[in-house]
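J.: Structure provided below as structure tokens; questions to follow.
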Amino acid sequence: ALLFVATLIAVNKVGSPQYVGWYAVPVVWGLVAGYPSARRFLPVAIGLLPLALLTQVIYPGFYDQLLAVRPWMVSVLTVRNALEVVVLVWAVVVLVRLARRSSVPAPGGPAVRPPAARPSGRPSASTVEPPVHGGVDRGRMDA
């Protein structure tokens, strides 16, 4: 959700100050979702505070200075926009790390081997049909 919001904000040509409020939902959600999630979201939550402060400085306070193209105000806007890109990059990096962690088996973990053929005539546990529940086997037509 944060990646989606950050992408919408970073690539939007309007740059409306209200968009900064959109960060609240995914960040609060990340902070209250549990300890591992909160640990991941705490840096971005802290990083969004200066972004919100700079937005507040620009738009209600000194927007006329921005329209007059005062260098100090252009630099404030540049820093704010750079922080938006930092949030976007952070969200991509965290999402890629989570995807890698979930798809790569843990080192030293058990190797997955195909089931060995049983020498006896008895079927293995994996070839035994599951029990019929409720008197009807929904997987077969003759039941």
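J.: Just one of the numbered conditions (1) part of a helix (DSSP H, G or I); (2) open to solvent by 60 Å² or more (accessible area, probe 1.4 Å) is not true of K13; which one?
T.: (1)
J.: Here's something else I'd like to know. Suppose the filter is of a type in the set (A, V, I, L, M, F, W, C), over 19 Å from the mean Cα position of the chain (by Cα) and open to solvent by 80 Å² or more (accessible area, probe 1.4 Å); does L54 pass it?
T.: No; evaluated as a whole, the condition is false for this residue.
J.: Among the residues of segment 28-44, what is the count of those that are buried (at least 16 other Cβ atoms within 10 Å of the Cβ) and under 15 Å from L83 (Cα atoms)?
T.: 1
Here's the yes/no breakdown for (1) farther than 30 Å from T55 by Cα; (2) modelled with pLDDT of 90 or more; (3) aliphatic (A, V, I, L, M):
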| residue | (1), (2), (3) |
| --- | --- |
| V76 | no, yes, yes |
| R113 | yes, no, no |
| A116 | yes, no, yes |
| S120 | yes, no, no |
| T127 | yes, no, no |
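J.: Select, from L88, L98, the only residue that is surrounded by 10 or more Cβ atoms within 10 Å (Cβ to Cβ) and modelled with pLDDT under 90.
T.: Unique residue meeting the criteria: L98.
J.: Hey, among G30, G34, G61, which residue is farther than 17 Å from A10 by Cα, in contact with a Ser or Thr (Cβ under 6 Å, 6 or more places away or on another chain) and either modelled with pLDDT under 95 or of a type outside the set (S, T, Y) (or both)?
T.: Unique residue meeting the criteria: G30.
The values are calculated or read from the model by the stated rules, or taken from the named source; none is laboratory data. Fair warning: this is a prediction, and the values are worked out from it, not measured in the lab. Quick reminder, even Gly has a Cβ in these numbers, built from the backbone with ideal geometry, and neighbours come from all protein chains shown. These accessible areas exclude ligands, DNA and RNA; they are computed on the full protein's heavy atoms, side chains included. Shrake-Rupley method; radii C 1.70, N 1.55, O 1.52, S 1.80 Å.
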